[in-house]
Amino acid sequence: MTILLAGATGLIGSRVLALLPDAVPVGRRPTGRAGEVVADFIALPALPPASVAICALGTTIRAAGSEAAFRAVDFDAVLAFARAAQAAGVTQFILVTAVGADATSRVFYSRVKGEVEAAVAALGFARLDLIQPGLILGPRADRRPVEAILQRVTPWLNPLLVGGLDKYGAIDAGVVAAAIVALIDADAPGRFVHQNRAMRRLAA
């Protein structure tokens, strides 16, 4: 079974790749893995036949430089990969977005995440798994000062986030990656949303 992986050089994607060394990375930055597809998402070539695709693409408005540049990654590139994956025969698509994703949100970040969820769902994959983590813990290559502060503080707050509030807490990138791997080749068709608590169960 071939697995396609977009975002393999990022915080979550790199951990997924470590767990799935035979996955085929797809992206602009090379990973050094045999068989990888190095290309711009604006003009992706035909991808190798596969049954599962994992998309861990994502940036921040600060890192992207503008709302338009953020949308180019978190919506346009994600949707381009999803379409290319579908053309390659993928029937299960696993997409990392974020807690609070909502196409009707007034918050730009959350709205784009919700819009891309809806756009990918409209493609009609037999199974769509939406991964919606809270604050992701782990070292990043890019500097995110505010997030760095939250990464230090949020773990202390996690015990206070009980019940439905748990989804807003922090979760380790390794746990998210393990949950993604556990979902591969799941039997039931449909659209499934996985937040912090569910991801911890899957990872265990």
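Quick note: the coordinates plus some simple rules give every number you see, no bench work behind them. Here the structure is a predicted model, which is why all the values come from computation and not from measurement. Glycine gets a Cβ as well: all are built from the backbone with ideal geometry, and neighbour counts include every protein chain shown.
May I ask you to compute the full-extension gain from R33 to S66, defined as 0.36 nm times their residue separation minus their alpha-carbon distance, rounded to one decimal in nm?
Numbers: separation 33, 0.36 × 33 = 11.88 nm, distance 3.15 nm.
In short, 8.7 nm is gained.
For the chain, the orientation-averaged shadow of the C-alpha convex hull comes to 11.0 nm² (one quarter of the hull surface).
Between the amide H of V193 and those of L130, distances stay under 5 Å, these residues lying 5 or more places away or on another chain, with hydrogens modeled in the peptide plane. Under 5 Å between amide hydrogens, built in the peptide plane, is the criterion, and for D102 it picks out R111, K113, G114, E115 among residues at least 5 positions away or on other chains. Within a Cβ distance under 13 Å of G124, other residues only, what is the Lys/Arg minus Asp/Glu net charge? Within the 13 Å Cβ shell, the charges total +3.
Computed on the Cα atoms alone, the convex hull of region 32-145 gives a volume of 122 cubic angstrom per residue. Put in order of Cβ neighbour count within 10 Å, fewest first, the listed residues L4, L137 become L137, L4.
Computed 3J(HN,Hα) for region 117-126, one whole-Hz value per residue from the Karplus formula 6.51 cos²θ - 1.76 cosθ + 1.60 where θ = phi - 60°, is 4, 5, 5, 5, 4, 5, 6, x, 4, 4, glycine and proline marked x. Rounded to the nearest Hz, the phi-derived 3J(HN,Hα) couplings of region 99-109 under the Karplus curve 6.51 cos²θ - 1.76 cosθ + 1.60 (θ = phi - 60°) are 4, x, 4, 7, 4, 9, 5, 7, 7, 3, 4, where x marks glycine and proline. Across region 45-56, coupling constants 3J(HN,Hα) worked out from phi with the 6.51/-1.76/1.60 Karplus curve, θ = phi - 60°, read x, 4, 8, x, x, 8, 10, 10, 10, 10, 10, 10 Hz, and Gly and Pro carry x. Other residues within the sphere of radius under 10 Å centred on the Cβ of I3, judged by their own Cβ, net out at -2 (K and R +1, D and E -1).
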